[in-house]
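> Got a structure for you, written out below as structure tokens; questions coming shortly.
The values are calculated or read from the model by the stated rules, or taken from the named source; none is laboratory data. Remember, it's a predicted structure, so these values are computed and weren't measured experimentally. Neighbour counts run over all protein chains shown; Cβ positions are idealised from the backbone, glycine included.
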Amino acid sequence: MRKIKYKFEVPDMKKVRMIVHTDCKNEADDQYALVHHLLTPKFIMKGIVAGHFNRTSGKWGDGCTARASLLEVKKILELMDMEGICPVAKGAEYPLDNEQEAVWSQGAQLIIDEAMREDTHPLFVAVQGALTDVACAILLKPEICERMTVIWIGGGAYPAGGWEFNVSQDIAAANVVMKSQVSLWQIPSDVYEQMEVSYAELEVRVQPRGAVGEYLFRQLVEFAAGHPDNPWPSGESWCLGDSPSVYVLLERESKSSLYQEMAAPCIRYENMTYSYEVANRNIRVFRKLNVRMALEDFYAKLKLNFS
């Protein structure tokens with residue numbers, strides 16, 4: 001198994017435990033974020049959860065999208081020669097029916113087990129899709145809320161909210177998390193959309209980097225070519241919108257200009273807008289990103305490990 005090596009070391013006291021939750025076969029940028037997490041030495045990888053995208057299941061079929069994500073996660077690990085680096089678990093295949101009833105999944109159990117483990121390194125769960133498995137873990141074992149921080153790529157722009165893909169996959173789960181006591185760092189759509197890249201940039205900086213770099217580039221351009229009638233993507237660029245879940249743990253936490261602390265909203269089922277009628281606990285909402293640092297860190301780690 002490949003070991004990542006750099007000419008610098010991260011002090012043990014600055015490392016964090018990491019679980020990555022990814023709907024890795026939904027489209028084409030999830031794989032980039034997964035690779036970035038795996039190449040980041042600050043993260044002690046404790047698991048990868050393959051999530052569903054069942055409301056837009058497409059060719060995968062109803063109830064089969066988490067399995068599709070699972071196979072894609074395993075493919076990425078194989079291409080990186082990093083199989084066995086951490087447990088890989090399949091999440092729930094369907095969104096929640098309501099905010100009260102949990103559905104057990106291997107992914108939810110992995111989150112529970114790691115959250116309940118005694119370890120001085122703080123636990124982060126980076127969710128790049130629906131919050132289904134995190135919500136189920138909270139409903140099944142509420143005491144985990146005080147033992148982890150959830151980083152969620154999702155939700156409409158503040159203050160109004162509105163339609164956003166990851167929310168649309170499971171509104172009930174998003175509300176479970178918003179109404180819980182878990183520490184939540186949210187990266188909403190207008191912020192993660194700052195991670196815009198061009199295909200030419202990816203061809204130069206990603207495609208030459210071994211089997212995994214070639215695959216990352218090829219699967220993205222092939223996915224885009226398969227949606228010629230869709231106004232998104234634009235034809236020559238993409239948004240690596242899941243990658244900020246790495247960046248927010250690399251940047252100095254003292255840079256409070258990047259985020260604001262605010263009351264967690266509830267999410268309306270009819271239109272996914274935010275409601276502030278219930279006073280939930282405060283969450284951290286990111287307002288901007290250092291895109292240069294985020295992208296260059298990814299490109300550099302790829303080059304150093306797959307030159």
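> Could you please let me know if residue 43 is touching an Asp or Glu at 6+ places or on another chain (Cβ under 9 Å), closer than 23 Å to residue 110 by Cβ and surrounded by 22 or more Cβ atoms within 10 Å (Cβ to Cβ)? Can you show your working first?
Values: touching an Asp or Glu at 6+ places or on another chain (Cβ under 9 Å): no; closer than 23 Å to residue 110 by Cβ: yes; surrounded by 22 or more Cβ atoms within 10 Å (Cβ to Cβ): yes.
No: the conditions fail for residue 43.
> Can I ask one more? Please give the number of the condition residue 27 fails out of (1) over 23 Å from residue 219 (Cβ atoms); (2) acidic (Asp, Glu); (3) at pLDDT below 95.
Checking residue 27 against (1) over 23 Å from residue 219 (Cβ atoms); (2) acidic (Asp, Glu); (3) at pLDDT below 95, the one that fails is (1).
> Which count do you get for residues in segment 141-169 that are within 21 Å of residue 100 (Cβ to Cβ), surrounded by fewer than 21 Cβ atoms within 10 Å (Cβ to Cβ) and hydrophobic (A, V, I, L, M, F, W, C)?
Qualifying residue count, segment 141-169: 1.
> Would you point out which residue out of 14, 3, 7 is at pLDDT 95 or above and either out of contact with any Lys or Arg (no Cβ under 7 Å at 6 or more places or on another chain) or within 26 Å of residue 173 (Cβ to Cβ) (or both)?
The unique qualifying residue is 7.
> So, one more: With 25, 75 as the choices, which residue is touching a Ser or Thr at 6+ places or on another chain (Cβ under 9 Å) and farther than 20 Å from residue 248 by Cβ?
When all the criteria are applied, what remains is 25.
> Right, another one. Could you tell me which numbered condition residue 150 fails, if it satisfies all but one of (1) under 28 Å from residue 288 (Cβ atoms); (2) touching a residue at least 40 places away in the same chain (Cβ under 8 Å); (3) β-branched (Val, Ile, Thr)?
Here residue 150 clears every test but (2).
> Let me ask you something else. Take segment 70-104 and flag every residue that is acidic (Asp, Glu) and under 30 Å from residue 180 (Cα atoms).
Scanning segment 70-104 gives 93, 97, 99, 101.
> Specify the residue that is surrounded by the most Cβ atoms within 10 Å (Cβ to Cβ); the eligible residues are those in segment 194-251 that are of a type in the set (D, E, K, R) and under 20 Å from the mean Cα position of the chain (by Cα). Don't jump to the end; show me each part of the working.
Here is the first cut: in segment 194-251, the ones of a type in the set (D, E, K, R) are 196, 201, 203, 205, 209, 214, 218, 222, 229, 236, 242, 251.
Now restrict to residues that are under 20 Å from the mean Cα position of the chain (by Cα): 196, 242, 251.
Numbers: 196: 14, 242: 31, 251: 16.
Ranking the qualifying residues of segment 194-251, first place goes to 242.
> Also: Which of the residues spanning segment 14-71 are without any contact (Cβ under 8 Å) to a residue 24 or more places away in the chain and charged (D, E, K, R)?
59, 62
> Which residue out of 272, 262 is over 26 Å from residue 75 (Cα atoms), touching a Gly at 6+ places or on another chain (Cβ under 9 Å), surrounded by fewer than 19 Cβ atoms within 10 Å (Cβ to Cβ) and of a type in the set (A, V, I, L, M)?
Values: 262 fails: touching a Gly at 6+ places or on another chain (Cβ under 9 Å).
Result of the check over 272, 262: 272.
> Also: Scan segment 46-55 residue by residue and report those that are crowded, with 23+ Cβ neighbours inside 10 Å and part of a strand (DSSP E or B).
46, 48, 49, 50
> Could you please find all residues in segment 231-267 being of a type in the set (D, E, K, R) and outside any strand (DSSP E or B)?
Scanning segment 231-267 gives 236, 242, 251, 252, 253, 255.
> Checking residue 98 against (1) over 22 Å from residue 249 (Cα atoms); (2) within 15 Å of the chain's Cα centre (by Cα); (3) of a type outside the set (Gly, Ala, Ser): exactly one of these is not met. Which one?
That leaves (2) as the condition not met.
> I need a count of the residues in segment 92-128 that are β-branched (Val, Ile, Thr) and farther than 23 Å from residue 12 by Cα.
Counting residues in segment 92-128 that are β-branched (Val, Ile, Thr) and farther than 23 Å from residue 12 by Cα gives 3.
> While we're here: Go through segment 162-203 and count every residue that is aromatic (Phe, Trp, Tyr) and assigned to a loop (DSSP other than H, G, I, E, B).
So in segment 162-203, the residues aromatic (Phe, Trp, Tyr) come out as 163, 165, 185, 192, 199.
Retained after the next criterion (residues that are assigned to a loop (DSSP other than H, G, I, E, B)): 163.
Of the residues in segment 162-203, 1 are aromatic (Phe, Trp, Tyr) and assigned to a loop (DSSP other than H, G, I, E, B).
> Taking segment 277-297, which residues are of a type outside the set (Gly, Ala, Ser), part of a loop (DSSP other than H, G, I, E, B) and without any contact (Cβ under 8 Å) to a residue 40 or more places away in the chain?
Step one: filter segment 277-297 for residues of a type outside the set (Gly, Ala, Ser), giving 277-278, 280-293, 295-297.
So of that shortlist, the ones also part of a loop (DSSP other than H, G, I, E, B) come out as 277-278, 280-281, 287-290.
Hit for segment 277-297 is 277, nothing else.
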